[in-house]
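Each remark here refers to the structure printed beneath this line.
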């Protein structure tokens with residue numbers, strides 16, 4: 001067994017509202033990081049002190065990203081593509097480990113795939 005946690009379809013579905021919230025937060029943080037990174041880079045380019053508020057905000061935002069990503073890790077939910085919001089929930093199917101596969105634009109969890117096949121091997125539940 002690769003995972004100590006295996007989700008039933010109902011358990012995974014019950015987490016979707018929280019997962020959607022986390023993905024929205026990460027998207028917001030990613031945009032904020034881009035702006036802050038450009039601000040710090042501009043300061044460095046001109047030889048200015050890069051410390052202070054821009055760096056503080058950058059570090060704070062990175063730390064918050066890590067906290068949200070830790071929520072996925074703690075639950076053994078695999079983030080396969082953050083930009084697409086592609087996630088895999090470890091599950092059991094016919095006595096073997098598989099993934100329940102979900103993408104943020106999908107209304108519900110409707111697909112699964114073998115551990116080795118990935119997104120290309122998705123099959124309807």
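The values are calculated or read from the model by the stated rules, or taken from the named source; none is laboratory data. As the structure is a prediction and not an experimental result, all values here were calculated from the model. For neighbour counting, all protein chains shown are included, and Cβ atoms are generated from backbone atoms with ideal geometry for every residue, glycine included.
What residue, of 37, 108, is in contact (Cβ under 8 Å) with a residue 12 or more places away in the chain, loosely packed, with under 15 Cβ neighbours inside 10 Å and in a helix (DSSP H, G or I)?
Answer to the selection: 37.
Of the residues 104, 80, which single one is at pLDDT 95 or above and touching a strand residue (DSSP E or B) at 6+ places or on another chain (Cβ under 6 Å)?
Testing whether each residue is at pLDDT 95 or above and touching a strand residue (DSSP E or B) at 6+ places or on another chain (Cβ under 6 Å) leaves just 80.
Please work out which residue is farthest from the chain's Cα centre (by Cα), limiting yourself to the stretch 12-34 and to residues that are surrounded by fewer than 14 Cβ atoms within 10 Å (Cβ to Cβ) and within 30 Å of residue 94 (Cα to Cα).
Filtering first and then ranking leaves 14.
Of these, 63, 91, which one is more than 15 Å from the chain's Cα centre (by Cα) and outside any loop (DSSP other than H, G, I, E, B)?
One residue alone meets the criteria, 91.
In the stretch 50-63, is there at least one residue being under 23 Å from residue 2 (Cβ atoms) and at pLDDT 95 or above?
no
Going through 89, 99 one at a time, which residue ends up being closer than 30 Å to residue 1 by Cα, touching a helix residue (DSSP H, G or I) at 6+ places or on another chain (Cβ under 7 Å) and surrounded by 15 or more Cβ atoms within 10 Å (Cβ to Cβ)?
89
Of the numbered conditions (1) touching a residue at least 40 places away in the same chain (Cβ under 8 Å); (2) assigned to a loop (DSSP other than H, G, I, E, B); (3) farther than 21 Å from residue 17 by Cβ, residue 116 fails exactly one; give the number of that condition.
Checking residue 116 against (1) touching a residue at least 40 places away in the same chain (Cβ under 8 Å); (2) assigned to a loop (DSSP other than H, G, I, E, B); (3) farther than 21 Å from residue 17 by Cβ, the one that fails is (1).
What residue, among those in the stretch 1-34 that are at pLDDT 95 or above and not in a helix (DSSP H, G or I), is farthest from residue 84 (Cα to Cα)?
4
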